[in-house]
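Note sheet for the following structure.
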Amino acid sequence: MNPFDILVVEDEEAIAEAVSARLLNEGYRVRTVHDGLQALQAVAQQRPDLVVLDLMLPGMDGLEVCREIQKSDWIPVLMLTARTDEADKVAGLAVGADDYMTKPFSLRELAARVRAILRRMERIQRGAGAEAVTRFDLTVDPARRRVLQGERELALTPLEFEILLTLARHPGVVFAREQLMDRIWGYRDYAGGRVVDSHVARIRRKLGDEAAEPRYIRTVHGVGYSFREDGEAP
Ligand code: CA
């Protein structure tokens, strides 16, 4: 019944099997590969709806694979990491992973994350007919899944795209981090706010908006984020 294709990239046999068994059980179509090169080939051939990607892989590691996927495709990546290092998580998010889980994780939680990411992708697709939002020199266009800054097209991941679209649609409205998590992720993470922060930081980097007083997305300290209203002094 479930039309989604999921690619699992994991070199540890036991984990690969457990993850794919669980996802098959949830009704997804699942393909499993064991290294980064196979992963990129599978992505090119199969164009999965989601990639579950282990960080530590032989040869090309997960970060590299994730970066490659994000270069050419609009495919969400759920990163699996063995280390609890905050730096690792941030690195994963920085190369465009939509989400991460730290091993050992529960398969139920994994299934919940997968569902949440796929729901988000559906929501983005459903919203594809929506009108483009233009603020200042920035146009966020759901129909074409495109962000233009002046004439320049920016490459955002699906998650970054939705965060930016949500904020830009409601200029001046302050979104608490938890609100953004509920609305966009569909669940709350223990790391909560920091996950939102790292995605916003990445969006700002892509917008070239890293000055102390950002031109587009304003930080509301201790609360969250808000897109600048027209005419608001920078
Ligand atoms: Ca591994």
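The values are calculated or read from the model by the stated rules, or taken from the named source; none is laboratory data. Owing to the predicted nature of the structure, the values given are computational and were not obtained by experimental measurement. All Cβ positions, even for glycine, are placed from backbone atoms using ideal geometry, and neighbour counts span all protein chains on display.
Before moving on, here are some points about what is shown:
- Scope segment 21-30; condition free of Cβ contacts under 8 Å to residues at least 40 places away in the same chain and buried (at least 16 other Cβ atoms within 10 Å of the Cβ); matching residues: Val30
- Restricted to segment 1-20, and to residues there that are surrounded by fewer than 13 Cβ atoms within 10 Å (Cβ to Cβ) and modelled with pLDDT of 95 or more, the residue that is farthest from Met60 (Cα to Cα) is Ala14.
- Members of segment 36-50 found to be crowded, with 18+ Cβ neighbours inside 10 Å and more than 14 Å from Val77 (Cβ to Cβ), listed by number: Gln38
- Scanning segment 137-169 for residues that are acidic (Asp, Glu) and in a loop (DSSP other than H, G, I, E, B) turns up Asp137, Glu151.
- Residues located in segment 16-31, provided they are in contact with a Leu (Cβ under 8 Å, 6 or more places away or on another chain) and within 16 Å of the ligand (Cβ to nearest atom): Ala18, Val19
- Lone qualifier among Ala201, Ala191 - being modelled with pLDDT of 90 or more and within 18 Å of the chain's Cα centre (by Cα): Ala201
- Residue match in segment 169-179 (condition: under 14 Å from the mean Cα position of the chain (by Cα) and modelled with pLDDT of 90 or more): no
- Of Ala132, Ala112, Ala91, Ala128, all but one fail to be surrounded by fewer than 16 Cβ atoms within 10 Å (Cβ to Cβ), modelled with pLDDT under 80 and hydrophobic (A, V, I, L, M, F, W, C); the exception is Ala128.
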